[in-house]
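Any read-out appearing in this document is the output of simple, stated calculations on the displayed coordinates, not a laboratory observation. This is a predicted model, so every value here is computed, not measured. A quick note on method: Cβ atoms are made from the backbone with ideal geometry, for glycine too, and the neighbour counts reach across all protein chains shown.
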Amino acid sequence: MEEALIQFSTGKVVQPVRSIVAVEKHSGRFGLCPAVYKDGYWRKTCERLPRNAVLGLHTHTPPFNFSGGDRRAAGALDAE
């Protein structure tokens, strides 16, 4: 975590403010968190759907997706 924050603070990680979109039909939210580091780029998506609890389904789904470059660098981006 410390290394990830150092990389971000020194501008070596490009990580814009995350986008959150309301999913009114399902009383939920959808989030997108992109990032670029060295030769790789990532996108983390997360859905929050509280009504899923009634159906016995997960209310949060946080997949982490890697796209290209050095997969070892992914750990430097997971600073949440």
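Of note:
- Sorted fewest first by neighbouring Cβ atoms within 10 angstrom, Val54, Val21 come out as Val54, Val21.
- Distance (nanometres) between label positions extended 7 Å along Cα→Cβ at His58 and Lys25: 2.2
- Sorted by Cβ neighbour density within 10 Å, fewest at the top, the residues Arg43, Arg29: Arg43, Arg29
- In terms of surrounding Cβ atoms within a 10 Å radius of their Cβ, Leu32, Leu55 rank from fewest to most as Leu55, Leu32.
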